[in-house]
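The values are calculated or read from the model by the stated rules, or taken from the named source; none is laboratory data. Owing to the predicted nature of the structure, the values given are computational and were not obtained by experimental measurement. So basically every Cβ, Gly included, is an ideal-geometry build from the backbone, and we count neighbours across all protein chains shown.
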Amino acid sequence: MRHEGFPGQICSVARSLAIIGEWWTLLVVREAFFGTERFSDFEAKLGIAKNVLTERLNKLVDSGVLERRPLPGRGNPVSYRLTAKGRDLLPVIIALMQWGDRWINRGQEPVRVLDRETGKEVAQIAVTTPKGKFLSARDLAVVPGPGANGAIRARFRRPGRSQNGPSAKSSRARSMSARSGTAD
């Protein structure tokens, strides 16, 4: 089933999925990180139909994740390269690989990602404070951001800032919501 975005949802996850959420799209991005640039190479390495690949590449170019560059040669060849916006997806790709290695491949990684300089495996992607303290879902609070609408502000009122003062019950409910992963 094809979706044309998530109308009515003011959510960074939903809006990101509208661009990169289709599974072939993330595999194209993965291949771009692996150094694949030409249409025929994407096609061969992914085993993807030409029409699907064309659609995914066009969407990634139109959304600014990839850029199309002309190459010398016959037939107007082009390369597809990650933009800064596309390169910012590296932690997403690494996190998905690490999750799959742990929970699906159970330590039998098909590929490993190493630091070129040291030859050592990269660290596990984690959520940390600005000072590097590791955080779990239990350590997080979800609060309205600058782009929040009224519904989001009502759902995620900042603890201790309600009109009637702090509410232990609503704070506990927000904490449980964050733990269960229902936020954003």
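Below is a table of values for the structure above.
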item	result
Every residue from region 12-23 that is surrounded by 14 or more Cβ atoms within 10 Å (Cβ to Cβ) and in a helix (DSSP H, G or I)	Ala14, Leu17, Ala18, Ile19, Ile20
Cross-chain or 6+ apart pairs with Cβ under 9 Å, region 122-144 first and surrounded by 10 or more Cβ atoms within 10 Å (Cβ to Cβ), then assigned to a helix (DSSP H, G or I) and of a type in the set (Phe, Trp, Tyr)	Ile125/Trp99
Condition broken by Ala154, with the remaining ones in (1) outside any helix (DSSP H, G or I); (2) surrounded by fewer than 13 Cβ atoms within 10 Å (Cβ to Cβ); (3) at pLDDT below 95; (4) not polar (S, T, N, Q) satisfied	(1)
Which listed residue is outside any helix (DSSP H, G or I), acidic (Asp, Glu) and outside the structural domain of Val142 (by TED's automatic domain parsing), from Glu43, Glu67, Glu31	Glu67
Scan of region 33-85 for residues that are of a type in the set (Lys, Arg), at pLDDT 95 or above and more than 22 Å from Met97 (Cα to Cα), ordered by number	Arg38, Lys50, Lys59, Arg68, Arg69
Members of region 46-64 that are touching a helix residue (DSSP H, G or I) at 6+ places or on another chain (Cβ under 9 Å), of a type in the set (A, V, I, L, M, F, W, C) and either loosely packed, with under 14 Cβ neighbours inside 10 Å or part of a helix (DSSP H, G or I) (or both)	Leu46, Ala49, Val52, Leu53, Leu57, Leu60
